[in-house]
Amino acid sequence: MPKHLFSKIRFYEIKDLMQNVKRPRRIDIVLNRKRHKKDIQCLMVQKLNDEAHPSKLSWQTNHKVHQTLEKLLRDKKYLAAFHAFLRSEFSEENIEFWLACEDFKSTASPDDLCWKAEEIYREFIQPTACREINVDHHIKEEIKKSLEKPSLSCFDEAQKQVYLLMERDSCPRFLHSDAYLSLKNKSKSLWYI
């Protein structure tokens with residue numbers, strides 16, 4: 001059949017040709033129309049159950065990243081590499097704030113507690129801070145109020161938000177970076193020394 005022949009046929013001629021074609025009646029479609037409403041209800045229940053119980057794979061992935069960030073923060077080599085990685089992304093204030101909060105929690109003296117809290121506030125929380133972290137305004141206001149009589153837990157909410165930010169954003173990128181992969185391969189190759 002030449003290419004031009006089909007293009008010269010008008011639409012109404014194709015429509016007329018289609019009427020002459022016998023189409024088999026599909027029994028499966030006719031039978032499924034009766035069960036359609038029931039199937040939709042089953043799918044809705046299944047979807048609700050899936051939302052109530054998240055898949056194990058997604059939980060394991062999130063849990064794995066969480067474990068990895070904990071390991072990064074405990075191991076000095078990986079912590080230094082992570083810190084350098086955050087510095088290269090211009091977000092090193094997150095890890096420095098987290099480390100300052102950890103140091104603050106280990107403070108025993110009430111006098112040291114006051115000046116350390118003021119220092120952390122000026123450096124990371126205050127609106128004009130040189131290394132201001134990205135936390136909610138409400139949390140910043142609560143910290144400002146708690147500076148009158150600081151406790152060991154006054155930075156907990158801000159530290160938690162920064163940790164979650166690093167966990168969701170920076171850590172996955174770091175785990176795929178050349179710095180992490182080369183450090184990981186070095187530690188694997190030095191097992192025999």
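Observations on the structure shown:
- Test: residue in region 62-75 that is within 30 Å of S187 (Cβ to Cβ), of a type in the set (D, E) and out of contact with any Gly (no Cβ under 6 Å at 6 or more places or on another chain): yes
- Residue in region 154-163 that is more than 21 Å from K71 (Cβ to Cβ) and open to solvent by 70 Å² or more (accessible area, probe 1.4 Å) present: yes
- Any hit, region 175-186, residues being surrounded by 12 or more Cβ atoms within 10 Å (Cβ to Cβ), farther than 22 Å from Y78 by Cβ and either β-branched (V, I, T) or free of Cβ contacts under 8 Å to residues at least 24 places away in the same chain (or both): no
- Extreme residue, farthest from E157 (Cα to Cα), among residues of region 79-97 that are crowded, with 20+ Cβ neighbours inside 10 Å and among the aromatic types (F, W, Y): F85
- Members of region 121-153 found to be farther than 13 Å from A100 by Cα, among the charged types (D, E, K, R) and open to solvent by less than 60 Å² (accessible area, probe 1.4 Å), listed by number: K140
- Pair list, Cβ under 8 Å, 6 or more apart: region 99-116 residue outside any helix (DSSP H, G or I), other residue open to solvent by 60 Å² or more (accessible area, probe 1.4 Å): T107/L152
- A count restricted to region 102-117 and to residues that are over 15 Å from S153 (Cβ atoms) and under 31 Å from the mean Cα position of the chain (by Cα) stands at 0.
- Region 76-98, residues that are part of a helix (DSSP H, G or I), of a type outside the set (G, A, S) and free of Cβ contacts under 8 Å to residues at least 60 places away in the same chain: K76, L79, H83, R87, E92, E93, E96
- Among the helices (runs of 4 or more DSSP H) confined to region 118-188, the ones with at least 3 residues that are not hydrophobic (A, V, I, L, M, F, W, C) are located at 137-146, 156-165.
The values are calculated or read from the model by the stated rules, or taken from the named source; none is laboratory data. Small disclaimer: the values here were computed from a predicted structure and weren't measured. Using ideal geometry, Cβ is built from the backbone for each residue, glycine included, and neighbour counts are taken over all protein chains shown. The accessibility values were calculated without ligands, DNA or RNA, using every heavy atom of the protein model including side chains. Shrake-Rupley method; radii C 1.70, N 1.55, O 1.52, S 1.80 Å.
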